[in-house]
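Step one of this worksheet: look at the structure below.
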């Protein structure tokens, strides 16, 4: 069962990462071409980016995170390197959301909106991917780093959540 979940996690992670690399490149090169200023070119660009984001990349991200969360729980990983890896995944999710925002803005502008350069998203995505890969493969001992946090961050406070934050 664990092996199957890992296989699904790795396969969808590869699709998600490929999308986080390809989408900024497509938006940079194809989105700035003069062809996009025609109605047909804009419709083609909009369909390509929207469908890639909503039909391929986002479902791959959801399945990746779901399978990774299952692995996190089933294997009981609580090491500091794993928590650092989760932070790098949060970075990838933020870049994913920003790319979706850019795609949404291009669709709302109907060809008149000039998107900001998406290349910082590519640099950020590659950085977070490399950090994630390094953390998973090296599994560095981050316990000394974690001990540098102040005591109030390391100890439970012994208080209940405020009632307005409890969903049930």
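The values are calculated or read from the model by the stated rules, or taken from the named source; none is laboratory data. Keep in mind that what you see is a predicted model, and the values were worked out from it rather than measured. Cβ sites come from the backbone with ideal geometry, for glycine too, and all protein chains shown count toward neighbours.
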Qualifying residue in region 141-151 (condition: closer than 19 Å to residue 6 by Cα, assigned to a loop (DSSP other than H, G, I, E, B) and touching a residue at least 24 places away in the same chain (Cβ under 8 Å)):
no
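Every residue, every condition in (1) over 30 Å from residue 40 (Cβ atoms); (2) at pLDDT 90 or above; (3) surrounded by fewer than 13 Cβ atoms within 10 Å (Cβ to Cβ), yes or no:
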position: 76; (1), (2), (3): yes, no, yes
position: 79; (1), (2), (3): yes, no, no
position: 89; (1), (2), (3): yes, yes, no
position: 133; (1), (2), (3): yes, yes, no
position: 138; (1), (2), (3): yes, yes, yes
position: 145; (1), (2), (3): yes, no, yes
position: 149; (1), (2), (3): yes, no, yes
position: 156; (1), (2), (3): yes, no, yes
position: 162; (1), (2), (3): yes, no, yes
